[in-house]
Each structure stands twice: as structure tokens, then as C-alpha cells.
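Everything on this sheet refers to the single structure shown next.
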Amino acid sequence: MNDPTPQAVYSLDILAEITGVSTQTILEYQEHGLIRPELDEDSLRVLRRIEHLRESCQVNLAGLKVLTSLLEKVEQLNEELRMLQK
């Protein structure tokens, strides 16, 4: 039985508290497709990345969307490369 451990699911308020990002901002990120509607561990990771990019690069929502998409693609390609090297 190698079932993956189920991911934690957060309420909007809890995710806002954990990250220090307002609930309104999280909802805005969801509306723009930056964060999935399911507020899980992946959403938490993406939200932290978005906030880091926003603060360090001072980019708007369109820039955040491009950057997060590119970073996700890089992660996907790295994972594929790791699988090929096994």
C-alpha cells in the first residue's frame, strides 16, 4: 500500500494567516489563475513563491502569471530530467 499522504486543505482565513497575505489578495490571485481554488499544500507553496516574486521583483499580476508559469515549467522539466537519469 503506497498511497500518497493526503495533502492538507486550508480555509481561506487559515491560508491568509499562515502566509500573511490578505484574503482579498488570495482571492484575486485565484481569479487570475495564479492559485487553484483548492487551498492545499501546493497552493501554499505557490502563494509563497508569488509573494516572494512580487516583493523581490516588484511585478504586477501579468508579470507574476508569466513568472510562475515559467518556474512551473522549469520544475516540470527538471523532474522529467531526473526521471530520465534513473
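Yes or no: Leu81 open to solvent by 70 Å² or more (accessible area, probe 1.4 Å) and more than 23 Å from Ser11 (Cβ to Cβ)? Yes; evaluated as a whole, the condition is true for this residue. If you filter segment 1-16 down to residues that are assigned to a loop (DSSP other than H, G, I, E, B) and modelled with pLDDT of 75 or more, you find that the one that is surrounded by the most Cβ atoms within 10 Å (Cβ to Cβ) is Tyr10. Which of the residues spanning segment 23-40 are under 18 Å from Gln7 (Cβ atoms) and part of a loop (DSSP other than H, G, I, E, B)? Within segment 23-40, Ile35, Arg36, Pro37, Glu38, Leu39 qualify.
The values are calculated or read from the model by the stated rules, or taken from the named source; none is laboratory data. Predicted, not measured: the structure shown is a model, and the values here were computed from it. Because the Cβ atoms are built from the backbone with ideal geometry, glycine has one as well, and the counts that use them run over all protein chains shown. Surface areas here come from the heavy atoms of the whole protein model, side chains and all, with no ligands, DNA or RNA. Shrake-Rupley method; radii C 1.70, N 1.55, O 1.52, S 1.80 Å.
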